[in-house]
Amino acid sequence: MHTLPTKIEIRNLVKIFGDEAQGDALKLLKGGASKNRIQAETGHVVGVDHADFQVEEGEIFVVMGLSGSGKSTLIRCVNRLVEPTAGQVIVDGVDVTALSSRDLQEFRRSKTGMVFQHFALFPHQNVRANVAFGLKVKGLGQDARNQAADEALAMVGLAGYEQSFPGQLSGGMQQRVGLARALASQPDILLMDEAFSALDPLIRRQMQDELLTIQQGLANRNTILFITHDLNEALRVGSRVCIMKDGAIHQIGTPEDILMRPETDYVAEFVQDVDQGRVLLVSNVTEPAVTVTGETAVAAAIGTMDRANRDSLHVVDNEGRPIGAFTIRAAARAPGSDPISKHAKPVESVASDMMLAKAYQRCGGGLPLAVVDEGGKLIGSVNPLEILAELGRVESISEKLEQAKAKGTQR
Ligand SMILES: Nc1ncnc2c1ncn2[C@@H]1O[C@H](COP(=O)(O)OP(=O)(O)O)[C@@H](O)[C@H]1O
Ligand SMILES: [Mg+2]
């Protein structure tokens, strides 16, 4: 058994919103009353209901639950952006709930970094200045600030974008800036509240992978409190996952625990969705399509492919409807001056809300799928390998479940 030092300790934490919440509402909650009943009788809203757990140093602790389950309230109690109603938050042995406001400022500055869902970047400052912002508050000189900012930007893959402005970057890149800003001050604890939820699924998965890579590469690993409403994301990044409903914690465990040994009906229901792969749609793996029209010369199309760093592209008609795909392999045999339409292979069209398992049956040719809207216009592309990777992951989860079930019946 490994025993890492405890970084964050949440002790019997309660948050009830409303005036004088310590009174009747807290009494009712302690007596076991439901969130609904408390709201009906006192008008108070239960945000967090007796949360009690520990987070180890260097782990990615995921809090998962539907909207309104209390995730944000819980994470904000850790740095007291929300004042707890009862209970304690202990970080490195220090009772955060007892800090004076001045010590609290210092605690936030020196120990925590936050990444938000909607980036919160300054539009009129360049990327470097945005990332260096937190360090200014910390009192670092300009050169040291810029150096730390550039290092953090390199970590998130944005070296070279220091002088760009947020508006010039894609959503995924802006969120990288947000992550770099949090990393630049080398916080012990990263608080990430739905940080990836606004991103397209593919970019989102890239960011998840990158977060894991960054975390593993750091000499002193941050402890990360990561919030999401998406079970797939929770299972992918979490060393442990905490599942919340109505402010209360239903289960805390490793992804495997959650999948194979759900402790409440509520958790079991969530897991069921993953088990069936029901949650996966074409939109989960759709990427922007790179397109050319049929009369484009092969040589020009190859240039387009190169610049987009793709090994295939879609050929469309003048209305934007898919005609076929052109692959890098076909490019080797096609004369550069030929119109591309002569070398495009027919592709299958799918809707973005089609189930992934069904779409996969159309991937036999190995060509990308054309994702089309109701009018038949191309709106995106799906790489068959991405479908495989995603289905494979679900498969391995399902297999584990089957094995667990089989073991259960043998006994
Ligand atoms: N400032 C507030 N005043 C009153 N109720 C709030 C406040 N913030 C959150 N709540 C309520 O607390 C509960 C938990 O909210 P929240 O922590 O934001 O959930 P989540 O982040 O999981 O979506 C919800 O019922 C929400 O309506
Ligand atoms: Mg929230």
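Descriptive notes on the structure:
- Computed E for residue 36/residue 229 - FRET, C-beta separation, R0 22 angstrom, nearest 0.05: 0.60
- Among 356, 179, sorting on how many other beta-carbon atoms sit within 10 Å of each Cβ, with the fewest leading, yields 356, 179.
- With R₀ fixed at 30 Å, the C-beta to C-beta distance from residue 83 to residue 269 puts the FRET efficiency at about 0.35.
- Computed extension gain for residue 4 through residue 53, at 0.36 nm per residue and net of the alpha carbon distance, reaches 16.2 nm.
- Theoretical FRET efficiency, 1/(1+(r/R0)^6), r = Cβ-Cβ of residue 307 and residue 122, R0 41 Å, to 0.05: 0.85
- Residues in the stretch 69-93 that a label on residue 103 would reach, taking backbone N under 14 Å of a point 7 Å out along Cα→Cβ: 89-93
- Think of it as helices only: each DSSP H run of n ≥ 4 in the chain is worth -39500 (n - 2.57), and spread over all residues that comes to -12000 deg cm²/dmol at 222 nm.
- Neighbour-limited loop hits for GluC sites (Glu not before Pro), the stretch 220-304 (at most 13 other Cβ within 10 Å; DSSP other than H, G, I, E, B): 295
- Proximal lysines relative to residue 111, as straight alpha-carbon distance under 27 Å, when same-chain residues fewer than 8 apart are discounted: 7, 15, 71, 136, 138
- Three-way shape label, the stretch 283-389, alpha-carbon gyration tensor, a/c 1.5: prolate
- Sequence-distant lysines (8 or more away, or on other chains) whose Cα lies within less than 25 Å of residue 377: 342, 345, 358
- Amide H contacts for residue 294 (H built 1.01 Å from N in the peptide plane; partners 5 or more residues away or on another chain; cut-off under 5 Å): 316.
No value in this document is a laboratory result; all are computed from the given coordinates. Treat the numbers as computed from the prediction; the structure is a model and nothing was measured. Neighbour counts are summed over all protein chains in view; Cβ atoms, including those assigned to glycine, are modelled from backbone coordinates with ideal geometry.
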